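First comes the structure, then the notes that go with it.
The values are calculated or read from the model by the stated rules, or taken from the named source; none is laboratory data. In this text the structure is predicted, and so the values were computed from the model without any measurement. Neighbour counts run over all protein chains shown; Cβ positions are idealised from the backbone, glycine included.
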């Protein structure tokens, strides 16, 4: 299983560019699905639960369960289906100090499950984590703050509503009509 961890991390940090991580690109999405959907299914079945015990393992788990589904299943509820699993591993890793041994570029991906949570306390914790590194990762801190503000205002991410079959409130409709709403 270590080779799967290494493959995930090599793909994410060596084979791809940072500019690809957060852009909509059907070819990139398809490449992730072709290469990692099998590993994703194995993780859902609990086969990688022990990855939480190492920094690289927890990081690979969070990328596989939090980041990659957003590519593999873009525009479907499955894009968010494993967020809670990723958050459990992220919280465990942070509680054990495993985030502290990761370089900044990697650490932010261990924190992303907090940022993707619709639970206010997770958002507050996310901002605390990014605040500690904001001098080195100002953009990460700013995104964490933006996510927190949306959850404070709406209690959820309105840009997920259509995908998840949730009705928008009038306030959410107004928010979604603004340029740059959503993430």
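Assorted remarks:
- Test: residue in segment 84-92 that is at pLDDT 95 or above and over 26 Å from residue 29 (Cα atoms): yes
- On inspection, residue 20 passes the criterion of being modelled with pLDDT under 95, surrounded by 14 or more Cβ atoms within 10 Å (Cβ to Cβ) and part of a helix (DSSP H, G or I).
- Hey, residue 58 under 18 Å from residue 163 (Cβ atoms) and either in a helix (DSSP H, G or I) or in contact with a strand residue (DSSP E or B) (Cβ under 8 Å, 6 or more places away or on another chain) (or both) or not: no
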